[in-house]
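Below is one structure, written out as C-alpha cells; the observations come after it.
The values are calculated or read from the model by the stated rules, or taken from the named source; none is laboratory data. Model, not experiment: these values are computed from the prediction. Because the Cβ atoms are built from the backbone with ideal geometry, glycine has one as well, and the counts that use them run over all protein chains shown.
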Amino acid sequence: MNARPQVWSVTNQKGGVGKTTTAVTLAGLHALDGKRCLIVDLDPHASASEYFGLSGTTLFDALQNPAAPIVPLTTSIPGLTLLPACSELAALGNKSGAAAGGATGLALKRLVDRLTDIDIVIVDGPPTLGVLMINVIVAADRMIVPTLTDPLALRGVASLDQTLKQIERSLGHRAPWTIVATQVDRRTRSAHEGYSALEQQWGTALWDEYIPMDTQLREASARGQVIEQFAPDSRAARAYRHLYRHLTTQTAPGNRP
C-alpha cells in the first residue's frame, strides 16, 4: 500500500501576498523534480485553477461526499495535476462553527488519505478564516506562509498564528511552518524595515532569504507556465529554487495515521 502523500499547505489570512504564485511554483518544481504532485485549489477565487486554465467541481463534490471519485485534471507540466476550485466552494467557506476535529474540518484530510498515486499535495488555501482554512490547517504536514513586508501583511501572519494556536489546542499538535517574505524590493527602506520586523517577531520560522519583486512572475502566469519554465535564469526563479531546496532538505515530517 502506498504511503499517504505529504501535504504542504500554502496559506495566509490575507490575500495579495503571493500565495498562489508560491503554491504553483513549488508544485511545478516538485513535478519537474520527477515527483507526482497534485495542486488542490481550496481558494474560492480559483487563482491556481485559472493559472492553468482549468475548471471543474470534482474537489467540491469530493469534500461533500467521501465516496465521490477523485479525478485530478492534467496541467501543462508533466507529473503535475490539479483539483480546481469552483464557485460552490464559497458556500463551504461561509459556514461557521465547525470544530477543527469535526467532519467538515476533516474533509480535506480524508480526501488526501484516499490518494494512492501522488507523492506530494500542495494546497492553495483561502485568504480568510473559515471552514476551508480549518481544512487547510488540519490536513497540513507543513505550512508555507507567504507574506509581504508591509504592516498590514505582518498583522495577517500574527492573525494566522492565533488561529493555529486555537486549532492546536483541539488537535494536540501543530504542523511546522515557514514564513516566506515575497515581492521584496530591497532598494526600499520599508522592505528592509519590514523584513527586520519579521525576523524580530518570528525568528527561525522566517526563511532567511526572500522572493524578490520580479515582473517575470507576472509574465509566466500570463502564459500558464511556472517561472522555472518561463525564465529559469530570473531572480525569482533562483529564489524559488533556493526555497524549494530549503524545504525539501529539512527533516521531512513523517506520515500521519
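Data table
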read-out	value
Subset of region 47-66 (residues that are assigned to a loop (DSSP other than H, G, I, E, B) and either at pLDDT below 95 or of a type outside the set (A, V, I, L, M, F, W, C) (or both))	GLY53, SER55, GLY56, THR57, ASN65, PRO66
Residue satisfying all of: in region 106-115; out of contact with any Pro (no Cβ under 6 Å at 6 or more places or on another chain) and part of a loop (DSSP other than H, G, I, E, B); modelled with the highest pLDDT among these	ARG114
Among (1) under 14 Å from GLN225 (Cα atoms); (2) surrounded by fewer than 24 Cβ atoms within 10 Å (Cβ to Cβ); (3) out of contact with any helix residue (DSSP H, G or I) (no Cβ under 8 Å at 6 or more places or on another chain); (4) of a type in the set (A, V, I, L, M, F, W, C) - the single one ALA67 does not satisfy	(1)
Residues within region 19-45 that are under 16 Å from PRO127 (Cα atoms) and surrounded by fewer than 19 Cβ atoms within 10 Å (Cβ to Cβ), tallied	1
Of all residues in region 77-90 being in a loop (DSSP other than H, G, I, E, B) and either at pLDDT below 90 or out of contact with any Gly (no Cβ under 6 Å at 6 or more places or on another chain) (or both), the one that is surrounded by the most Cβ atoms within 10 Å (Cβ to Cβ)	ALA85
Exclusive hit being touching a strand residue (DSSP E or B) at 6+ places or on another chain (Cβ under 9 Å) and either more than 20 Å from ILE120 (Cβ to Cβ) or among the polar types (S, T, N, Q) (or both), set ASP185, ASP150	ASP185
Matching residues in region 199-220 - criterion: being among the hydroxyl-bearing types (Ser, Thr, Tyr) and at pLDDT below 95	THR204
Helices (runs of 4 or more DSSP H) enclosed by region 143-241 - at least 1 residues per element that are more than 22 Å from GLU50 (Cα to Cα) and small (Gly, Ala, Ser)	151-171, 189-202
ALA205 of a type in the set (A, V, I, L, M), farther than 30 Å from LEU106 by Cα and either crowded, with 18+ Cβ neighbours inside 10 Å or in contact (Cβ under 8 Å) with a residue 12 or more places away in the chain (or both)	no
Any hit, region 163-182, residues being of a type in the set (A, V, I, L, M) and more than 30 Å from ALA3 (Cβ to Cβ)	yes
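The rows are residues; the columns are (1) modelled with pLDDT under 95; (2) under 16 Å from THR11 (Cα atoms); (3) in contact with a helix residue (DSSP H, G or I) (Cβ under 7 Å, 6 or more places away or on another chain); (4) charged (D, E, K, R).
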| site | (1), (2), (3), (4) |
| --- | --- |
| THR104 | yes, no, yes, no |
| ASP117 | yes, no, no, yes |
| ASP124 | no, yes, yes, yes |
| VAL131 | yes, yes, yes, no |
| LEU164 | yes, yes, yes, no |
| ARG169 | yes, no, no, yes |
| GLY172 | yes, no, no, no |
| TRP177 | no, yes, yes, no |
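Yes/no matrix, rows are residues, columns are (1) touching a Gly at 6+ places or on another chain (Cβ under 7 Å); (2) under 22 Å from LEU247 (Cα atoms); (3) surrounded by fewer than 20 Cβ atoms within 10 Å (Cβ to Cβ):
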residue: ARG110; (1), (2), (3): no, no, yes
residue: VAL123; (1), (2), (3): no, yes, no
residue: PRO126; (1), (2), (3): yes, yes, no
residue: ILE137; (1), (2), (3): no, yes, no
residue: THR149; (1), (2), (3): yes, yes, no
residue: ARG155; (1), (2), (3): no, no, yes
residue: GLN166; (1), (2), (3): no, no, yes
residue: GLY172; (1), (2), (3): no, no, yes
residue: ALA191; (1), (2), (3): no, no, no
